[in-house]
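Working notes for the structure below.
Quick note: the coordinates plus some simple rules give every number you see, no bench work behind them. Note that this is a predicted model, so its numbers are computed, not measured. Glycine gets a Cβ as well: all are built from the backbone with ideal geometry, and neighbour counts include every protein chain shown.
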Amino acid sequence: EKTGPGTIFRSPVPDVELPVQSISDFLFSRFNTFGNTIALVDHGTGRSYLYSQLEDLSRRVGSFLARKGLRKGDVVCYYGTNNPEFALLLLGCSSVGVTLTTTNPAYTPAELKQQMTIMGCRTIFTIPALTAKCREVGFDDLIVMGGSEGGRPFSDALSDDGRAFPSDVRVDPKEDVAIVPFSSGTTGLPKGVMLTHYNIVSNLLQFRGMFVTTPEDCNIAVLPFFHLYGMGPVLMGTLQDGGKMVTLPAFDPEAYLNAIVQHKASIIHVVPPMVLFLTRHPLVAKFDLSRVRQVVTGAAPLGDALTKEFMEKRKLQIKQGYGMTELSPVASIDVEPVTIGTVGPLVPNCEAKILDLDTGASLGHNEVGEVCIRGPQVMKGYHDNPKATSQMIDKEGWLHTGDVGFFSDKGRLVISDRLKELIKYKAFQVAPAELEDLLHKHPAVLDVAVVAAADERAGEVPQAFVVIRPNMAAKEEEIRKFVDDQVSDHKKLRGGVKFLKEIPKSPSGKILRRLLKDMK
Ligand code: AYL
């Protein structure tokens, strides 16, 4: 194998055949083989659905959407926590070609409105606790899961007679956009990531060979479905192979551990702060985790020392996956024998290049540069934003991730740094540009830059560097409060505020974030 300049890296796993199908057609065809076994369970109430019910219920949801006047290409939003019904909404939308955009249930009304406006969307599927927030920003076409307060109950969709299901809808899997989660990518504000049916179905089959799920497996969904990690590898990854998916609305240590034990979970998907919890929290020793056979982590860097401590203490292996929302989302996942410090080999059916950070030349094994990926899981583009799309995906189809790393001799990817400005608070995305825009609205602020400060528990926290206008004053507390009052919890300025005379910038006016990060 060629290892010098110009190397294109591939998976050691053979390519698989990728069907050109909608998400629902693909999954429905698989559900037929799982029959009357449990597909989805809500941990809190025990409410559950069998595989044999999913296609029928999803088509009822599709009919309900059509009855509401929604047509192929129209967009609906999910603003809620995890529950089994989310899967029915996802499949129902897919069955009639309606696009689903997902928002963080922690969003403030203003943040929700922002995304709804970008997507030109009026209909929100939500939960009772969030209907007031939807109304606060003028949305009243609400369908409520798990209750009837504040909107039309989702049970109306599940009991729809199915007669309005459009007989003439034709989904074009390679063109039609199925899901639009939001991500800030390498720069700027959060943008709608257009993922086609083909993107999603391809990625399900790409990662399938690297962590095997069987009908005997049970997987706990505490990672949020609004993020593609929860929606893809966790939810659809479980459903495509007939496992049991147990949903939890939020991370609560005791409920989470109880769910693992009670449902005999065999697979758990986590993010690095959960690895810290599972390693160090005293409560964990009181629970029998012996049924767990596979732990997969991703979405943010996991330290080697913590990985070792976890594996020794819990007698469990942990595999890292790597990817991004714009990659549907998986690019690589480790395989046995697990190698600490790597995010594993590429998934099949895709290619990677490592580009020299100065010259842009493509590098060989063990040489560090920007990771670029090409394959069927690369997004269609950013919604309504061709400029941002062409900045990320080049003419040859390579997606430039903004992550820095290298491939080891054994073909395993190591992510060593991040070029892009993105901050990851407990694996949640925080876009510096969004906080900078807010801070620019403070009367005393002349200039500002927001960067990531390291934090043991959260990985990173947002920290602001601020230049105060001449003859004006503002205290750190006041500036923090100004931001924290307007944003959802994960975006709060936990890293504090530092005052500077000037924000370091390049001649072209780009903030030199690296300098700021090193300033502490
Ligand atoms: P987004 N190590 C270091 N950084 C990572 C890792 C990792 N294992 N995984 C993701 N990142 C960073 O869109 C990286 O900077 O999707 C990347 O560009 O919220 C960014 O996070 C993307 O953030 C899985 C589980 C992939 C999850 C994912 C991707 C979800 C993160 C495979 O098994």
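Descriptive notes on the structure:
- Percent of alpha-carbon pairs separated by more than 19 Å within the stretch 1-145: 61 percent
- Stretch gain in nm, segment Glu254-Val137, where the contour uses 0.36 nm per residue and the Cα spacing is subtracted: 38.6 nm
- Per residue, the chain reaches -7500 deg cm²/dmol at 222 nm when only DSSP H runs of four or more residues are counted, each adding -39500 (n - 2.57).
- Evaluating kT/(6 pi eta Rh) at 10 °C and 1.306 mPa s, with the Kirkwood radius of the stretch 418-473 over Cα pairs in the Stokes-Einstein relation, gives 132 µm² s⁻¹.
- Cleavage-rule hits, trypsin sites (Lys or Arg not before Pro), the stretch 376-463, DSSP coil, Cβ neighbours within 10 Å at most 16: Lys395, Lys410, Lys441, Arg457
- Separation between Cα centres of the stretch 198-257 and the stretch 433-496, rounded to whole Å: 35 Å
- Partners for Lys191 among aspartates and glutamates (Cα-Cα distance below 17 Å; same-chain residues under 8 apart left out): Glu111, Glu326, Asp384, Glu421, Glu434, Glu436, Asp437
- Here is the size of the stretch 101-147 from its Cα atoms: Rg then Dmax, 9.6, 28 Å.
- Contact order normalised by residue count of the stretch 45-146, Cα under 8 Å, 6+ apart, percent: 28 percent
- Viscosity 1.567 mPa s, temperature 4 °C, Stokes-Einstein D of the stretch 282-434 from Kirkwood C-alpha radius, µm²/s: 77 µm²/s
- Of the trypsin sites (Lys or Arg not before Pro) in the stretch 55-110, those whose Cβ has at most 15 other Cβ within 10 Å and which sit in DSSP loop: Arg71
- Per residue Cα convex hull volume in Å³ - calculated over the stretch 254-324: 85 Å³
- Antiparallel bridge percentage (DSSP; both residues within the stretch 247-384; nearest 5): 60 percent
- For the stretch 380-520, the Kirkwood estimate of the hydrodynamic radius, built from every pair of different alpha carbons, is 16.8 Å.
- Cα Rg over Rh - the stretch 458-518, Kirkwood: 0.99
- With all projection directions averaged, the alpha carbon convex hull of the chain covers 24.2 nm².
- Each residue of the stretch 308-359 gets 120 Å³ once the volume of the Cα convex hull is shared out per residue.
- For the chain, DSSP calls about 55 percent of its internal beta bridges antiparallel.
- The stretch 15-54 - Kirkwood radius from inverse mean 1/r over Cα pairs (Å): 11.6 Å
- Within the stretch 174-323, antiparallel bridges make up roughly 25 percent of the DSSP beta bridges whose residues both belong there.
- Sparse-neighbour loop sites [trypsin sites (Lys or Arg not before Pro); the stretch 218-320; at most 15 other C-beta within 10 Å; DSSP]: Lys264, Arg291, Arg293, Lys315
- Pairs exceeding 20 Å between alpha-carbon atoms, taken from Lys387/Lys505; Lys475/Lys498; Lys420/Lys491; Lys308/Lys492: Lys387/Lys505; Lys308/Lys492.
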